[in-house]
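Asks: Just passing along the structure, written as structure tokens.
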Amino acid sequence: MPEQSPLDLAEGHPFGPQNLPYGVFTTAEDSTPRIGVRHGDHVLDAGAAAAALSSDHAELLAAPTLNPLMAAGRTVWQAVRAELRAWLTEPAHRAAVEPLLRPLDDVTMRLPFEVADYVDFYASEHHASNVGRIFRPDSPDPLTPNWKHLPIGYHGRSGTIVVSGTPVVRPSGQRKTPADPVPVFGPSVRLDIEAEVAFVVGTPSPTGTPVARGDFREHVFGVCLLNDWSARDLQAWEYVPLGPFLGKSFATSVSAWVTPLDALEAARTAPPARTHELLPYLDDSADEPDGLDLRIEVRINGEAVSNPPFSAMYWTAAQQLAHMTVNGASLRTGDLYASGTVSGPEPDQLGCLLELTQGKGPFLADGDEVVLTAWAPGPDGTRIGLGEVAGRITPAV
Ligand code: MN
């Protein structure tokens with residue numbers, strides 16, 4: 001019996017030709033990073049395929065990162081995606097493409113793009129309310145007065161963004177509980193996760209020109225899963241009044257695969273009803289829906305602990321992009337902005353241990369492995385799998 005071709009996927013495979021996420025890989029024989037496209041449980045060497053098939057986009061696909069392709073803009077993204085689909089599905093290309101598919105187990109995935117700026121938002125009303133109740137128990141309203149009027153965010157550290165699979169060293173720092181007379185220094189004892197979705201900017205924008213919500217799809221190339229590792233003890237002591245800093249900046253993990261926004265058209269869904277009137281640059285009441293129906297699963301040491309629904313997020317990625325640029329700040333190719341912890345209304349839909357344990361813990365132990373996965377509805381009843389983001393905690397140094 002002939003061996004089954006990697007081009008022939010099982011019906012309904014979540015990494016079928018409806019998906020086509022991009023990554024960057026190396027192999028044992030060749031340490032040069034190359035752009036790959038996931039097809040089933042294989043990765044297509046996209047640069048080699050483009051060269052073999054004389055694509056107009058061969059140069060973009062021969063780059064060692066996704067940045068040149070991301071910078072090329074939406075018209076090129078759509079043309080490349082159509083080519084990739086044809087290469088992977090049309091019988092005429094089979095002989096050329098088949099030898100360029102390698103099993104995922106035979107490649108090493110790298111950080112797929114050079115990260116420019118990194119911003120983390122706080123867009124789940126459920127998460128913000130739960131955290132407000134834990135961090136500010138005496139406050140009458142768990143949400144801060146600005147929360148329903150603008151998408152709150154902070155600038156994170158782009159230089160410590162790591163690809164899925166990278167070990168995460170337990171951070172050390174200052175902490176002080178109300179019972180401590182003075183701060184103490186040492187390894188974090190409340191190390192947590194935050195299950196998030198991140199948006200990758202492709203097309204840049206000039207300084208002084210805000211990007212409107214309606215231009216979201218011209219600028220955002222795709223979506224990653226992201227784990228915003230958080231040392232709650234460091235965070236609780238340091239965050240007043242300027243927000244998160246060392247409690248977050250030691251590591252942020254992203255999936256190795258960037259799912260093109262075009263693969264998520266069928267997942268578009270209306271965000272929750274707005275309870276407050278919004279200023280015009282944020283008012284999406286007459287827009288096409290920009291929420292996304294992504295179903296996330298959080299597993300710790302193989303055990304499913306939560307299923308956060310991204311559709312419950314109050315602020316959309318289009319609103320966040322508009323807010324991030326409304327002051328005239330420019331966008332750079334490689335800018336990454338994350339949603340904030342995804343938490344839904346139910347006890348089994350919470351996106352971090354702080355909420356799952358009502359602030360009491362236990363938090364992460366050395367050796368614990370956290371894996372986030374997600375899927376979204378695709379066209380014609382298919383599913384779109386998002387690349388996983390995994391990380392294991394190693395002891396403090
Ligand atoms: Mn976060």
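Here's the yes/no breakdown for (1) outside any loop (DSSP other than H, G, I, E, B); (2) out of contact with any strand residue (DSSP E or B) (no Cβ under 7 Å at 6 or more places or on another chain); (3) within 16 Å of the ligand (Cβ to nearest atom):
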| position | (1), (2), (3) |
| --- | --- |
| 337 | yes, no, yes |
| 340 | no, no, yes |
| 351 | no, no, yes |
| 363 | no, no, yes |
| 366 | no, no, no |
| 371 | yes, no, no |
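Asks: Could I ask something else about it? Please enumerate the residues belonging to the stretch 120-153 that are more than 16 Å from the ligand (Cβ to nearest atom) and not polar (S, T, N, Q).
Replies: 133, 136, 137, 138, 140, 141, 142, 143, 145, 148, 149, 150
Asks: So, residue 214, is that one farther than 13 Å from residue 292 by Cβ and either free of Cβ contacts under 8 Å to residues at least 24 places away in the same chain or not in a loop (DSSP other than H, G, I, E, B) (or both) or not? So that I can check it myself, show each step before the final result.
Replies: Details: farther than 13 Å from residue 292 by Cβ: yes; either free of Cβ contacts under 8 Å to residues at least 24 places away in the same chain or not in a loop (DSSP other than H, G, I, E, B) (or both): yes.
Judged against the criteria, residue 214 is a match.
Asks: Which of the strands (runs of 3 or more DSSP E) contained wholly in the stretch 225-329 include at least 2 residues that are aliphatic (A, V, I, L, M)? Walk me through how you get there before you give the answer.
Replies: Values: elements: 252-254, 295-300, 303-306.
The qualifying strands (runs of 3 or more DSSP E) are 295-300, 303-306.
Asks: Right, next: If I ask for residues that are β-branched (Val, Ile, Thr), buried (at least 18 other Cβ atoms within 10 Å of the Cβ) and not in a strand (DSSP E or B), which ones from the stretch 106-156 would you list?
Replies: Matches in the stretch 106-156: 115, 131, 152.
Asks: Moving on to the next point. All but one of (1) assigned to a loop (DSSP other than H, G, I, E, B); (2) under 21 Å from residue 200 (Cα atoms) hold for residue 16; which doesn't?
Replies: (2)
Asks: Here's another thing I want to ask about it. Do the conditions hold for residue 223, that is, is it of a type in the set (A, V, I, L, M, F, W, C), more than 14 Å from the ligand (Cβ to nearest atom) and either closer than 22 Å to residue 66 by Cα or crowded, with 24+ Cβ neighbours inside 10 Å (or both)? Please lay out each step first, then the result.
Replies: Working: of a type in the set (A, V, I, L, M, F, W, C): yes; more than 14 Å from the ligand (Cβ to nearest atom): yes; either closer than 22 Å to residue 66 by Cα or crowded, with 24+ Cβ neighbours inside 10 Å (or both): yes.
Answer is yes for this residue.
Asks: On to the next question. Check whether at least one residue in the stretch 157-170 is under 26 Å from residue 357 (Cβ atoms), within 16 Å of the ligand (Cβ to nearest atom), part of a strand (DSSP E or B) and touching a helix residue (DSSP H, G or I) at 6+ places or on another chain (Cβ under 8 Å), and report yes or no.
Replies: No: zero hits.
Asks: Further question on the same structure: Being under 19 Å from the mean Cα position of the chain (by Cα) and either part of a loop (DSSP other than H, G, I, E, B) or surrounded by fewer than 24 Cβ atoms within 10 Å (Cβ to Cβ) (or both), is that true of even one residue in the stretch 179-200? Give the derivation first.
Replies: Start the filter on the stretch 179-200 by keeping residues that are under 19 Å from the mean Cα position of the chain (by Cα), which leaves 192-200.
Filter once more, keeping what is either part of a loop (DSSP other than H, G, I, E, B) or surrounded by fewer than 24 Cβ atoms within 10 Å (Cβ to Cβ) (or both): 193-194.
Yes, there is a match, as at least one residue in the stretch 179-200 is under 19 Å from the mean Cα position of the chain (by Cα) and either part of a loop (DSSP other than H, G, I, E, B) or surrounded by fewer than 24 Cβ atoms within 10 Å (Cβ to Cβ) (or both).
Asks: Let me ask you something else. With 263, 329, 256 as the choices, which residue is away from the ligand (no atom under 16 Å from the Cβ), surrounded by 24 or more Cβ atoms within 10 Å (Cβ to Cβ) and either without any contact (Cβ under 8 Å) to a residue 12 or more places away in the chain or in the same structural domain as residue 388 (by TED's automatic domain parsing) (or both)? Please lay out each step first, then the result.
Replies: Values: 263 fails: surrounded by 24 or more Cβ atoms within 10 Å (Cβ to Cβ); 329 fails: surrounded by 24 or more Cβ atoms within 10 Å (Cβ to Cβ).
256 is the lone residue from the list that is away from the ligand (no atom under 16 Å from the Cβ), surrounded by 24 or more Cβ atoms within 10 Å (Cβ to Cβ) and either without any contact (Cβ under 8 Å) to a residue 12 or more places away in the chain or in the same structural domain as residue 388 (by TED's automatic domain parsing) (or both).
Asks: Still on this structure, I have one more. Check the stretch 22-38 and report whether any residue there is assigned by TED's automatic domain parsing to the domain that holds residue 94 and at positive phi.
Replies: For the stretch 22-38, residues assigned by TED's automatic domain parsing to the domain that holds residue 94 and at positive phi: absent.
Asks: Considering only the stretch 80-101, how many residues are under 11 Å from residue 8 (Cβ atoms), of a type outside the set (S, T, N, Q) and more than 26 Å from the chain's Cα centre (by Cα)?
Replies: 2
Asks: Checking residue 356 against (1) closer than 19 Å to residue 227 by Cα; (2) more than 16 Å from the ligand (Cβ to nearest atom), which single condition isn't satisfied?
Replies: It fails just one condition, (2).
Asks: Now, a different point. Could you please let me know if residue 287 is under 16 Å from the mean Cα position of the chain (by Cα) and among the charged types (D, E, K, R)? Full working, then the answer.
Replies: Numbers: under 16 Å from the mean Cα position of the chain (by Cα): no; among the charged types (D, E, K, R): yes.
Judged against the criteria, residue 287 is not a match.
Asks: Looking only at residues in the stretch 52-68 that are assigned to a helix (DSSP H, G or I) and free of Cβ contacts under 8 Å to residues at least 60 places away in the same chain, which one is farthest from residue 116 (Cα to Cα)?
Replies: Here is the first cut: in the stretch 52-68, the ones assigned to a helix (DSSP H, G or I) are 52, 58-61, 67-68.
Okay, now just the ones that are also free of Cβ contacts under 8 Å to residues at least 60 places away in the same chain, so 52, 58-61, 68.
On the way: 52: 32, 58: 24, 59: 22, 60: 19, 61: 20, 68: 13 Å.
The selected residue is 52.
Asks: Exactly one of (1) of a type in the set (S, T, N, Q); (2) within 30 Å of residue 392 (Cβ to Cβ); (3) away from the ligand (no atom under 16 Å from the Cβ) is unmet by residue 285. Its number?
Replies: Just one mismatch for residue 285, condition (2).
Asks: Name the single residue that is nearest to the chain's Cα centre (by Cα) among those in the stretch 226-252 being surrounded by fewer than 24 Cβ atoms within 10 Å (Cβ to Cβ) and hydroxyl-bearing (Ser, Thr, Tyr).
Replies: 249
Asks: Moving to a separate point now. In the stretch 70-84, how many are part of a helix (DSSP H, G or I), surrounded by 16 or more Cβ atoms within 10 Å (Cβ to Cβ) and in contact (Cβ under 8 Å) with a residue 60 or more places away in the chain?
Replies: Here is the first cut: in the stretch 70-84, the residues part of a helix (DSSP H, G or I) are 70-71, 74-84.
From what is left, the residues that are surrounded by 16 or more Cβ atoms within 10 Å (Cβ to Cβ) are 70-71, 74, 76-77, 80-81, 83-84.
Cutting the leftovers down to in contact (Cβ under 8 Å) with a residue 60 or more places away in the chain gives us 70-71, 74, 77, 81, 84.
Looking only at that region, the number is 6.
The values are calculated or read from the model by the stated rules, or taken from the named source; none is laboratory data. What you are looking at is a predicted structure, and each value in this text was computed from that prediction instead of being measured. So basically every Cβ, Gly included, is an ideal-geometry build from the backbone, and we count neighbours across all protein chains shown.
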